[in-house]
Amino acid sequence: MLALGQDEIAKYPFLADAGQYLKDKGFTLEQFGVDPDLKELILKAYERIQVAADGKIYKSDLIDNQVSKEAALPREVFSFLLAIVLLKLSGMHTLIKRFSLAEARRAEKYLEKDLANISDESKNQLAVRVIDDLFSVKVEKQDDYFTIPVSDYLKHSINFHEREWKLINRHVENGNVLLSPHETVRLIRKELGTYINSKIVNAKTPTMIPGFEDSVNKLVLLSKKFKTFTVTTGEYPPCVKHALEILEKGENLPHSGRFMLATFLLSKGQTVQQIAPLFKNAPDYNARVTLYQLNHLAGTSGSGTQYSCPSCEKLKTQSLCFATSECNNIINPLQFGKKKQ
Amino acid sequence: MNENNLKFLEESFKKYYFEHSELILVPERSSEREFGFQKFNSGMTRHISIKDDKELHLLCMQNTPSDVYCSNAYYTFPNLPMNEKDWKEADLIFDIDAKDLNLSCRENHTISICNDCNEISKNHVKCLKCNSIKLEKKSLPCKNCINSSKIEVTKLSEILINDFKINKENIHVYFSGNEGFHVYVYNSQFQQIGSRERSDLVDYIMFNGAIPETFGMKKFKPNRSSFPDFGKSGWQERFSKQIFGSKSKRSKIISELLANGYSSFQKTLDDLSNSIGVKIDPNVTMDIHRIFRMPGSINSKSGLTKIFCKDLSKFDPYNDASYIADDSVEVIANCPMEFKLKNKKFGPYTNEKITIPRFAAVYMICKKLATLA
């Protein structure tokens, strides 16, 4: 565990051990439900979640990166910890996800400022250590930039779908990627969210505490807003259409193309027997081998692993992507034609 | 392939494995790797664990495999089924194959064999005898194919060394035994990255997915000073060399680029992938569970050995990778083009009975262009 100072707990409350923090400050959860002064903090915690649910970042009482008033620090940390308690009591996963993401973006701002302030001599500053300890990214300062080993960079950048994060669009030098403080922090945003999310998910759910009911009920109502319904057109995406055309013409579809087609159709609910005849025209068609391979992909033979349809990114690398405007920035062919209502 | 031909190949390969055991060595940390082999006309046997050279030689002698493979990955339990192996890491591998280079010479030395009637022709659309479209293509790579593949290997090595700071000693180049080269990278920072990470690394090496902003072009108010210049590193430098040519032409060409606009610049970048991008097979590098042809083993597509290239520039596969014996054999050959092996010219043959050295017979039978008489 990282040793944290006052300001740091306020900036990165998720790094603190919640139960221990309350104990150290001499509080129990029950007190928050009954003490009128403390009850205010439950409302603050509710607000913190509501702001996150709206996709905004909670505005804290920190001024210039410092805790403004003596009393502000506990309020900062308590509202975070109580928000987690409320979320656990409500059991609403959509809200937990949104909250984690918003909190990650809030922390991101502080991380970025802290990084930009680091001078060469103080490499061991908290921001650098947080990034290394939590996300295994070795950051070093080089002039105005931060350098990160290419392999560390890739582990995180692959979670982005924007092309600017592809390695080809980065400054690569001596086995490192050069990033600005903003980009460095942005690189771990998703993992920061995942980290906070997993901390919340793994936290024990307390039994209902008197005085918490109202806020919890409001959260359940709030989460209903985020239910979505999807409809699909049922049309195949251009990559699948292309693969079908190739096979129809009796031309050779590479192994990777066959893999994509089969896993796509299996995911759409077609059976091995329905899919197998599609490969009949292939120049090297062999009924026995085709069935064996399809069963393998479906998970009905071999290790039992069900293979999933490759992502658009992977298909692009394999020259199997024939995206049209209808693809609408989907990241997997299976999402084609799905519309949220 | 008929029984006699199979027997002949088996016997020739066995002799090679018996006489050239010095070439068939297990790679480092062999007990952590998965091995596999194929026998003629039969499926793959894999998930085998082999601890040393002796065990490997025994496998080759007992099974007379057509092909032998070994994983680039390291596992805790290499002989268990895939999802129980416990993957640890994998060497970075690259496959450069002449057939992927879109070379104009290919047409001159690619032959189609009809899967339905076995007719051999140079027509690549359909069989001229029975109109079937099920054609199997065989190529006898020429000097140009090999040299072009070498150029790709050199381009790849330069990126590995300059951009990724990989030690030259950790890059090993092998002739694949057929139409290209396999490049292995050991002990790099990339040992532990997964398939998706390797896929983006592939795009970097192939120059795929570049956006105009990376090379200084903006959609709105583009600025002359943001374009790449000489003396930089990585793709900025290679871009400058390719697009500007020389320092003196830079300014003029930037003006042209600006005049042509954003989407034209994107097109320029897409085209660059064909010229300065390295043509590797993305699927091979992305696959972290693959078993890959073993160095020192014979490639049954050609009868040539997959072999380490000490000096790539001087390497001649038709001299340096042919290890089959040279006793005389009688075959009926139907090979519409000439080829050279061990400094001897052979062909073209049109359905004729000939007596040739065993190495040439094995080469043609592997390519399905001859049968034992």
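The values are calculated or read from the model by the stated rules, or taken from the named source; none is laboratory data. Here the structure is a predicted model, which is why all the values come from computation and not from measurement. For neighbour counting, all protein chains shown are included, and Cβ atoms are generated from backbone atoms with ideal geometry for every residue, glycine included.
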- request: Quick one: count up the residues across segment A:206-226 that are in contact (Cβ under 8 Å) with a residue 40 or more places away in the chain and loosely packed, with under 12 Cβ neighbours inside 10 Å.
  value: 3
- prompt: Filter segment A:143-153 for residues that are within 7 Å of another protein chain (Cβ to nearest Cβ) and not β-branched (Val, Ile, Thr); which is farthest from residue A:125 (Cα to Cα)?
  reply: A:151
Unmet requirement for residue B:137, which otherwise passes all of (1) away from every other protein chain (no Cβ under 14 Å); (2) closer than 30 Å to residue A:250 by Cβ; (3) outside any helix (DSSP H, G or I): (1)
- prompt: So which helices (runs of 4 or more DSSP H) stay within segment B:262-373 end to end and still have 1 or more residues that are more than 17 Å from the chain's Cα centre (by Cα)?
  reply: B:262-275, B:317-320, B:358-366
field: Residue satisfying all of: in segment A:71-111; among the polar types (S, T, N, Q) and within 21 Å of the chain's Cα centre (by Cα); surrounded by the fewest Cβ atoms within 10 Å (Cβ to Cβ) among these
entry: A:94
- request: Please state which of the following conditions residue A:320 fails to meet, knowing it meets all the rest: (1) within 14 Å of chain B (Cβ to nearest Cβ); (2) assigned to a helix (DSSP H, G or I).
  value: (2)
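Residue-by-condition table, conditions (1) at the interface with chain B (Cβ under 8 Å from one of its Cβ atoms); (2) free of Cβ contacts under 8 Å to residues at least 40 places away in the same chain; (3) among the hydroxyl-bearing types (Ser, Thr, Tyr); (4) surrounded by 14 or more Cβ atoms within 10 Å (Cβ to Cβ):
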residue	(1), (2), (3), (4)
A:118	no, yes, no, yes
A:136	no, yes, yes, no
A:141	no, yes, no, yes
A:155	yes, yes, no, yes
A:163	yes, yes, no, yes
A:166	yes, yes, no, yes
A:174	yes, yes, no, yes
- request: Filter segment B:164-218 for residues that are away from chain A (no Cβ under 14 Å) and small (Gly, Ala, Ser) and give the result.
  value: B:176, B:177, B:180
task: With the condition kept exactly as written, say whether any residue in segment B:352-366 is of a type in the set (D, E, K, R) and surrounded by fewer than 18 Cβ atoms within 10 Å (Cβ to Cβ).
output: yes
statement: Of B:297, B:322, the only residue that is hydroxyl-bearing (Ser, Thr, Tyr), under 23 Å from residue B:368 (Cα atoms) and in contact with a helix residue (DSSP H, G or I) (Cβ under 7 Å, 6 or more places away or on another chain) is B:322
query: Inside segment B:235-263, can you point out the residues that are among the polar types (S, T, N, Q) and over 16 Å from residue B:214 (Cβ atoms)?
result: B:246, B:248, B:251, B:255, B:260
query: Can you find even one residue in segment A:268-291 that is charged (D, E, K, R), surrounded by 13 or more Cβ atoms within 10 Å (Cβ to Cβ) and either without any contact (Cβ under 8 Å) to a residue 12 or more places away in the chain or in a helix (DSSP H, G or I) (or both)?
result: no
Residues of segment A:302-315 satisfying the condition of being within 12 Å of chain B (Cβ to nearest Cβ) and in a loop (DSSP other than H, G, I, E, B): A:302, A:303, A:304, A:305, A:306, A:307, A:310, A:311
- request: Determine the pairs where a residue that is within 11 Å of chain B (Cβ to nearest Cβ) and assigned to a helix (DSSP H, G or I), located within segment A:248-263, has a partner that is modelled with pLDDT of 85 or more and surrounded by fewer than 20 Cβ atoms within 10 Å (Cβ to Cβ) with Cβ atoms under 8 Å apart, the partner being 6 or more residues away or on another chain.
  value: A:255/B:283; A:256/B:283; A:257/A:246; A:259/A:307
Hits in segment B:219-255 - residues which are surrounded by fewer than 16 Cβ atoms within 10 Å (Cβ to Cβ), of a type outside the set (D, E, K, R) and either facing chain A (nearest Cβ under 9 Å) or not in a helix (DSSP H, G or I) (or both): B:220, B:223, B:230, B:231, B:233, B:245, B:246
- prompt: Out of (1) within 14 Å of chain A (Cβ to nearest Cβ); (2) in contact with a His (Cβ under 7 Å, 6 or more places away or on another chain), what's the single condition that is false for residue B:73?
  reply: (1)
field: Members of segment B:117-149 found to be free of Cβ contacts under 8 Å to residues at least 12 places away in the same chain and β-branched (Val, Ile, Thr), listed by number
entry: B:125, B:133
- prompt: For segment B:144-163, what are the residues that are within 14 Å of chain A (Cβ to nearest Cβ) and in contact with a Lys or Arg (Cβ under 7 Å, 6 or more places away or on another chain)?
  reply: B:161
message: Please pick out the residue among B:220, B:181, B:207 that is at pLDDT below 95 and aromatic (Phe, Trp, Tyr).
response: B:220
- line: Considering segment A:323-341, residues that are assigned to a helix (DSSP H, G or I) and touching a Cys at 6+ places or on another chain (Cβ under 7 Å), and then whichever is surrounded by the fewest Cβ atoms within 10 Å (Cβ to Cβ), we arrive at A:334
field: segment B:150-170, residues that are free of Cβ contacts under 8 Å to residues at least 60 places away in the same chain and closer than 18 Å to residue B:207 by Cβ
entry: B:151, B:157, B:158, B:160, B:161, B:164
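Residue-wise test of (1) of a type outside the set (Gly, Ala, Ser); (2) assigned to a strand (DSSP E or B); (3) crowded, with 19+ Cβ neighbours inside 10 Å; (4) under 22 Å from the mean Cα position of the chain (by Cα).
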position: B:152; (1), (2), (3), (4): yes, no, yes, yes
position: B:157; (1), (2), (3), (4): no, no, yes, yes
position: B:187; (1), (2), (3), (4): yes, no, no, yes
position: B:192; (1), (2), (3), (4): yes, no, no, no
position: B:202; (1), (2), (3), (4): yes, no, yes, yes
position: B:210; (1), (2), (3), (4): no, no, yes, no
Elements of type strands (runs of 3 or more DSSP E) contained in segment B:31-116, each with 1 or more residues being touching a residue at least 24 places away in the same chain (Cβ under 8 Å) and buried (at least 20 other Cβ atoms within 10 Å of the Cβ): B:35-38, B:67-71, B:73-75, B:87-90, B:92-97, B:110-114
